[in-house]
Amino acid sequence: MEGALKVAVIGGGAAGFFAALSAAQHHTSAHVVLFEKTAKLLSKVKISGGGRCNVTHHCFSPSALSKHYPRGGKQLKKAFGTFQAADTVAWFESRGVALKTEDDGRMFPVTDSSQTIVDCLVREADRHGIEVRLQSPVRELIPLAPGGFTLNGERFDRVVVATGGSPKREGLAWLEALGHAIVDPVPSLFTFNMPGSDITDLMGVVVPDALVRIQGTKLIQQGPVLVTHWGMSGPAILKLSAWGARELAERGYAFSVQVNWIGIANEAEVTSAIDDAMPDIRKKKVANACPFELPKKFWAFLLARAEVPADAVWLDLGKKAKNKLVNTLLNDVYEVRGKTTFKEEFVTCGGGVLSEVDFATMQSRVVPGLYFAGEVLDVDGVTGGFNFQAAWTTGFVAGRLG
């Protein structure tokens, strides 16, 4: 009977909260209990986006949205048909939380505070009468015949697992014990460490449109690159780390990156751009006249790498020096030795095998009545609000208990 339905949601993050809210919305008589092993709810939501919470991305086509997931995109496309980014925006706005879109497509609350999102979710949970149990780790989860579960000795009709990614396989051993196959977790979304490279002296500099490839692979991304005190970060690097998560792990995070700093792939076009600028810059010092959109400090750094004297005048620059400069602009190589997790936004590649979950309902194909939401599965997106969107979507679908 509907009135007797008792639902457990394991995990008090974005996916778990949304699953609990969805269950309460779709099954109004159900008793929904949210288990969180720590003393805090929605901790990742709170710190994300530098404390602003990158709620989703302004990408309102399920097929286009699904292309931002190195793992799980094909499966998520089906789930996005039920609940996608436009639905997320409508959900929050109908509850008094307006979102805004930034130039790069990322969407944030207009308050620029993640607390707005946290407060909205907690308020909704209170309104729906969801029972929240903090500091309540799940010690045991046992499927019953002919249906239902005991969770820490308490009986539930349905269970939604939204425990998030685990850095180690051991953290998913309980899932294996239920009969689910696991893909070994490895980090996704990380920055590149370049110990000993003098580029780190430019920490804080952003190059707006670089083309970065990992030598010996097919991995290539274009976008802003941020120079940090340990190496490189920024959207282009983070996307590379996500798409190459498993391959880079296999290489022990030791590889070479080749950077085209101006995003123009054709050498002839670059030479032509310099020639076109010559009437304006021919009598100027090379250091004071950059024909491309590069920060002045960074341009000086590249000139030194290309062994072009900063006080040289463009008119006097020989063909050999010009060729070397063009080559540095297009084919600058750096050695990567190690990684650093991107801020506190821990994301893993790996988790529950996707073929064992029906993404139309998020129900396990192995254990009836068991549902999944979020990064506990082998699903992850690139930076830009995509991981939260996967959490909202899978949580909403799972909570329907279809």
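The values are calculated or read from the model by the stated rules, or taken from the named source; none is laboratory data. Everything numeric in this text was worked out from a predicted model, so none of it was measured. Here the Cβ positions follow ideal geometry from the backbone for every residue, glycine too, while neighbour counts run over all protein chains shown. Please note that ligands, DNA and RNA were not included when accessible areas were found on the heavy atoms of the full protein model with its side chains. Shrake-Rupley method; radii C 1.70, N 1.55, O 1.52, S 1.80 Å.
Confirm whether Thr328 is open to solvent by less than 30 Å² (accessible area, probe 1.4 Å) and β-branched (Val, Ile, Thr).
On the way: open to solvent by less than 30 Å² (accessible area, probe 1.4 Å): yes; β-branched (Val, Ile, Thr): yes.
Taking the combined requirement at face value, the residue satisfies it.
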Residues of region 280-300 satisfying the condition of being out of contact with any strand residue (DSSP E or B) (no Cβ under 9 Å at 6 or more places or on another chain) and either closer than 20 Å to Ser197 by Cα or not in a helix (DSSP H, G or I) (or both): Ala289, Cys290, Pro291, Phe292, Lys296, Lys297, Trp299, Ala300
Qualifying residues in region 210-239 (those that are basic (Lys, Arg) and touching a residue at least 12 places away in the same chain (Cβ under 8 Å)) - the one most open to solvent (accessible area, probe 1.4 Å): Arg213
Near pairs, Cβ below 6 angstrom, 6+ apart or cross-chain, from region 266-293 (in contact (Cβ under 8 Å) with a residue 12 or more places away in the chain) to any residue that is in a loop (DSSP other than H, G, I, E, B) and open to solvent by 50 Å² or more (accessible area, probe 1.4 Å): Lys285/Asp311; Ala287/Ala310
Test: Gly338 is in contact (Cβ under 8 Å) with a residue 60 or more places away in the chain and surrounded by 18 or more Cβ atoms within 10 Å (Cβ to Cβ): no
Unique residue being touching a residue at least 60 places away in the same chain (Cβ under 8 Å), part of a strand (DSSP E or B) and touching a Leu at 6+ places or on another chain (Cβ under 6 Å) when the list is Val186, Val132, Val160: Val132
Counted residues, region 151-168 - those being out of contact with any Lys or Arg (no Cβ under 9 Å at 6 or more places or on another chain) and exposed (fewer than 14 other Cβ atoms within 10 Å of the Cβ): 2
Which numbered condition Arg251 misses (of (1) under 30 Å from Ile182 (Cα atoms); (2) buried (at least 16 other Cβ atoms within 10 Å of the Cβ)): (2)
In region 111-124, residue farthest from Phe386 (Cα to Cα) [restricted to those that are open to solvent by 30 Å² or more (accessible area, probe 1.4 Å) and not charged (D, E, K, R)]: Val122
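Looking for whichever is touching a residue at least 60 places away in the same chain (Cβ under 8 Å), open to solvent by less than 10 Å² (accessible area, probe 1.4 Å) and either over 30 Å from Val227 (Cα atoms) or assigned to a loop (DSSP other than H, G, I, E, B) (or both) here; the options are Val366, Val382. Which one fits?
On the way: Val366 fails: open to solvent by less than 10 Å² (accessible area, probe 1.4 Å).
So the residue among Val366, Val382 that is touching a residue at least 60 places away in the same chain (Cβ under 8 Å), open to solvent by less than 10 Å² (accessible area, probe 1.4 Å) and either over 30 Å from Val227 (Cα atoms) or assigned to a loop (DSSP other than H, G, I, E, B) (or both) is Val382.
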Flag if Asp311 is acidic (Asp, Glu) and either within 15 Å of Tyr69 (Cα to Cα) or open to solvent by less than 40 Å² (accessible area, probe 1.4 Å) (or both): no
